[in-house]
Each structure stands twice: as C-alpha cells, then as structure tokens.
1. Can we say I62 is β-branched (V, I, T), open to solvent by 100 Å² or more (accessible area, probe 1.4 Å) and modelled with pLDDT under 90?
2. Can you tell me how many residues in segment 22-67 are of a type in the set (S, T, N, Q) and in contact with a Ser or Thr (Cβ under 6 Å, 6 or more places away or on another chain)?
3. Return the pair list, or none, for Cβ contacts closer than 9 Å from residues in segment 37-52 that are surrounded by 14 or more Cβ atoms within 10 Å (Cβ to Cβ) to residues that are of a type in the set (F, W, Y), at least 6 apart or on different chains.
4. Would you confirm whether or not segment 18-30 contains a residue that is open to solvent by less than 60 Å² (accessible area, probe 1.4 Å), out of contact with any strand residue (DSSP E or B) (no Cβ under 7 Å at 6 or more places or on another chain) and either modelled with pLDDT of 85 or more or not polar (S, T, N, Q) (or both)?
Amino acid sequence: MIYRRPLKKQTLLVVEDDYSSRLLLKHLLQKMNIEVIAAESGEEALELMKDRRDVSGMLLDIALGNGITGL
C-alpha cells in the first residue's frame, strides 16, 4: 500500500476584466479544488498580492482594459 501526503490546496490569482469570463474561470477552477482570488484589473491584482503570500500562480488576461496590462 502506498501512502501519499495530501496535496496542499493551491491558490491561483485570476486577473480578467470581463465579468463573465472571470466568473466562469473562477467556477471551473474551484471545481478543481483550487482556491481562486479574482481581480478585475492589474492594479487590483497588485493590491491583492500585497496582502497574500500563499498565491501559487496567476492566470491573467494580456489584453486588460485601461491601466496595467497582462504583458
């Protein structure tokens, strides 16, 4: 019998300016047991990252509206 340590729940930051796309991504990722933090803009994402050190990765739209882009 092989014993495996349970994986730590991962946290992903989703940065998407389109509300419907952001909601869909959040829903699909949560179904995969991933904690999701969502931001509407690059500026909002930076603010969220100041307080969070547990973010494992980021999924971002490269064509964000005004302000900081995904590039």
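1. On the way: β-branched (V, I, T): yes; open to solvent by 100 Å² or more (accessible area, probe 1.4 Å): yes; modelled with pLDDT under 90: yes.
When the stated conditions are applied, I62 passes them.
2. Narrowing segment 22-67 to residues of a type in the set (S, T, N, Q): 30, 33, 41, 56, 66.
Filter once more, keeping what is in contact with a Ser or Thr (Cβ under 6 Å, 6 or more places away or on another chain): 56.
Here the count works out to 1.
3. Note: pairs meeting the criteria are E40/Y19.
4. Initially, segment 18-30 is screened for residues open to solvent by less than 60 Å² (accessible area, probe 1.4 Å), giving 21-22, 25, 29.
Now narrow it down to the ones that are out of contact with any strand residue (DSSP E or B) (no Cβ under 7 Å at 6 or more places or on another chain): 21.
Imposing the further condition that a residue be either modelled with pLDDT of 85 or more or not polar (S, T, N, Q) (or both) reduces the set to 21.
Yes: segment 18-30 contains one or more residues that are open to solvent by less than 60 Å² (accessible area, probe 1.4 Å), out of contact with any strand residue (DSSP E or B) (no Cβ under 7 Å at 6 or more places or on another chain) and either modelled with pLDDT of 85 or more or not polar (S, T, N, Q) (or both).
The values are calculated or read from the model by the stated rules, or taken from the named source; none is laboratory data. Quick caveat, the model's predicted, so the values are computed rather than measured. Don't worry about glycine lacking a Cβ; one is built from the backbone with ideal geometry, like all the others, and counts go over all protein chains shown. To get the accessible areas, we keep the full protein, side chains included, count just its heavy atoms, and leave off ligands, DNA and RNA. Shrake-Rupley method; radii C 1.70, N 1.55, O 1.52, S 1.80 Å.
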